[in-house]
């Protein structure tokens, strides 16, 4: 019964009902202290662990799942995102948080943009001000990174070291072969809007390349530029720009200009290498640096073979937010981690230099954008930070909702049947509605 309560009520941000069922109250005050001996961190991959290990002063690695910060033992509980394993594990453990032994309580956990509201709109997360982090401390952060983790009462519940404005990453060798140049400004003219982008796809295909590995590569660019929410007054709503993605994607698939591979699949990843013959991918800094085989010999990224330009529309993708868990006994340490990792300009510049990330400090990024000594090896010596800075300022979260993750996943899954000729458009829409209402039974269409 508790799992059902969590999966339905917490997912739809009905915090009051969920907390009542779990013996809590949606108006409960934060409970934190600072005498803990164990810091339990829950996350889905090694990214935050690597950032903390490499950059947080005094962190001492003991083994693959354990570290030390001063006298506090750090325990990493890492569950991958596949099949919702991370959230399921986190949810089950949070339900036990109130009665757990001090050394077993979750202290700090990470969330992504697509499901941040699921957690920040409950009392399982601590207001950052209750940890001692002030508005003044966070003044240099990009506003959208704060909006994502602000609850329905206007209370900030998390912080991030990242900004995730997106760009279009293109193969420089392919660009020179097809267009005679790999200059970012010149390439931008070939992809400056969707009509131009789809027209250019024909030239790219004629040269033997896919424009994108999969139509799912462009999905978030369209979905970040909608004018309405996925759910309006309890009814599922498909925005016009989402349907523009369907129309453009179907045309590209039918013309052989793009595949239908799932993101992260082997087929999708083939374009990270020259023989994969893919012209471009869309994503933020973390995608090209963390997910596109840049450390693997022979990849395009390893050889500095990508370029970056704005593409048809601005967008953002993902990011990772640090949340303090209600009931933590390591409030002071969590505060220090939040301040150092997300507000310390010099530490954050170190992340950019070492990890090619884009960090959540506006003055630091603007300074590095103008610094001719900084460049990205993966991007062939290009400095993309000015482009990222401009993109971060334009991010609009006014149409985000607690249903975004489920709706986005089910829509792409359903439309794959249409793109591959296994369903009509109307049949694919019905598959989408069926999938969403199974996840969120309270919705209609």
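No lab work stands behind these numbers, since they all come straight from the coordinates. This structure is a prediction, so every number in the text was calculated from the model and none was measured. Counting neighbours? That spans all protein chains shown, and the Cβs are built from the backbone with ideal geometry, glycine included.
Details
- Alpha-carbon centroid distance for the pair segment 134-162 / segment 67-133, whole angstrom: 18
- For the peptides 191-200, 153-162, 114-123, the ranking by mean Cβ contacts within 10 Å, running from highest to lowest, is 114-123, 153-162, 191-200.
- Principal-axis tilt of helix 331-343 within the chain, Cα atoms, nearest 10 degrees: 30
- Taken over segment 37-102, the convex hull of the Cα atoms encloses 80 Å³ per residue.
- Candidate values (i) 64, 54, 36; (ii) 106, 61, 49; (iii) 75, 50, 42, label of the one derived for Cα extents along the principal axes in Å: (i)
- Scoring 389-402, 247-260 by mean Cβ neighbours within 10 Å over their residues and listing the highest first yields 247-260, 389-402.
- In plain terms, the C-alpha convex hull of segment 326-445 casts an average shadow of 12.6 nm² when viewed from every direction.
- Across the chain, C-alpha contacts under 8 Å between residues 6 or more apart give a mean separation that, scaled by the residue count, equals a relative contact order of 23 percent.
- Each DSSP beta bridge with both residues in the chain is either parallel or antiparallel, and the antiparallel ones are about 70%.
- Relative contact order (percent, whole number), segment 111-219, Cα cutoff 8 Å, 6+ residue spacing: 17
- Acute angle (nearest 10 degrees) that the helix 240-254 long axis makes with the longest principal axis of the chain, alpha-carbon atoms: 50
- Taking segment 272-336 and dividing mean pair separation by its residue count, relative contact order in percent (alpha carbons under 8 Å, at least six apart): 25
- Within the chain, helix-based [θ] at 222 nm, where runs of 4 or more DSSP H residues each add -39,500 (n - 2.57), nearest 500: -11000 deg cm²/dmol
- Convex hull (Cα only) mean projected area of segment 160-281, reported in nm² to one decimal: 9.3
- Its alpha carbons considered, segment 300-378 gives a radius of gyration followed by a Dmax of 16.1, 48 Å.
- Degrees between helix 85-95 axis and first principal axis of the chain (Cα, 0 to 90, nearest 10): 20
- Segment 378-442-segment 293-352 distance, computed between alpha-carbon centres (Å): 22
- Cα gyration tensor shape of segment 71-213, rounded if a/c is under 1.5, else prolate or oblate by comparing a/b with b/c: prolate
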